[in-house]
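The structure appears right after this line, and notes come after that.
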Amino acid sequence: MRLTSRAIALTAVVSVGLTGVATTASAQTAAPRTGGVAPASQPAPATAPAEPAAPGAVAVPAGMRTTNGVRAKRYKGKTLDGRTAYFARVPLKAPAPVQNAVIAANRIVGKPYRLGGGHAKVEDTAYDCSGTVSYALIGAGLLKTPLSSYEFDDAWKAGVAGEGQWISVYGNQGHVYAIIAGLRLDTSSARDSSGLRGPQWRPDNRVDADDFVVTHPDGL
């Protein structure tokens, strides 16, 4: 069928009009929420809070206890070599890095304290305070190599100032500990009735937090 010149012109107008509508709709969809019009320049967006891990997204080792919530829960048990230790239930509604930090720390709680432990090699027979915190963060994918207690406020590339929603690291020249999903990972038995020294999960009840510089992983 032959089209008249008028029909061809109308077809072209309709085609252009539809294309323009599709392009405009796509642009409006992609624009940030600033009234539908993207500004000429805009600051970098703040890091969104981490979302809980999808069920089953984190492989919890066999025999390690869990809790169907956002906070880790402390329980007493024995290590493979018979040492008394306080473990943490893995909080299944926490983000994956938080769950992995708890899982990692559970592997070393109950080990002896040794100054420098966990620094020359990540997998060690004993750990000091910074070696302990570093081990948990390495297990969570938030740190590559162990740091000393005083390095967490400037050498931790994933760290930002202030307390986090899920993980907070408290460090100074002489000591470091972490609060992870509501529990304290600490080699010091300060205000812990168990009196156990070395890597342990403890209550979040220290009263000297102001003596430390606090940082947290970006987004957590």
The set of residues whose placed amide H lies less than 5 Å from the amide H of Leu183, leaving out same-chain residues fewer than 5 positions away, is Ala72
In the stretch 152-220, if every C-alpha pair distance is counted and binned at 10 Å from zero, what percent goes to each bin? 22, 54, 22, 2
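Tell me whether the stretch 66-217 comes out rounded, prolate or oblate; compute the Cα gyration tensor, take square roots of the eigenvalues as a ≥ b ≥ c, and use a/c under 1.5 as the rounded threshold. It would help to have the intermediate numbers written out before the result.
Values: a/c = 1.30, a/b = 1.11, b/c = 1.17.
It comes out rounded by the Cα gyration axes.
To make sure I understand, if each residue's beta carbon is the centre and we count other beta carbons within 10 Å, what order do Phe87, Phe212 fall in, fewest to most?
Working: Phe87 24, Phe212 21.
Arranged by neighbour count, lowest to highest, Phe87, Phe212 become Phe212, Phe87.
Determine the shape class of the stretch 68-142: with a ≥ b ≥ c the square roots of the Cα gyration tensor eigenvalues, call it rounded for a/c under 1.5, and otherwise prolate if a/b is greater than b/c, oblate otherwise.
On the way: a/c = 2.73, a/b = 1.32, b/c = 2.07.
Since a/c reaches 1.5 but b/c is at least a/b, the shape of the stretch 68-142 is classed as oblate.
Work out, step by step, the length gained on full extension between Arg65 and Leu80: first 0.36 nm times the residue separation, then minus their alpha carbon distance; give nm to one decimal. It would help to have the intermediate numbers written out before the result.
Working: separation 15, 0.36 × 15 = 5.40 nm, distance 1.52 nm.
Result: 3.9 nm gained on full extension.
Going highest first, how would you order 180-186, 128-134, 159-165 by mean Cβ packing within 10 Å?
Highest mean packing first, the order is 128-134, 180-186, 159-165.
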Relative contact order of the stretch 142-220: what whole-number percent is it, with Cα pairs under 8 angstrom and at least 6 residues apart? 35
Once the Cβ-Cβ distance between Ala190 and Thr145 is put in as r, and R0 is 35 Å, what FRET efficiency do you end up with, to the nearest 0.05? 0.80
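Laboratory data are not the source of any read-out in this text; all were calculated from the coordinates shown. What you see is a predicted model, and the numbers here were worked out from it, not measured in a lab. Note that each Cβ is placed from the backbone with ideal geometry, even for glycine, and that neighbours are counted across all protein chains shown.
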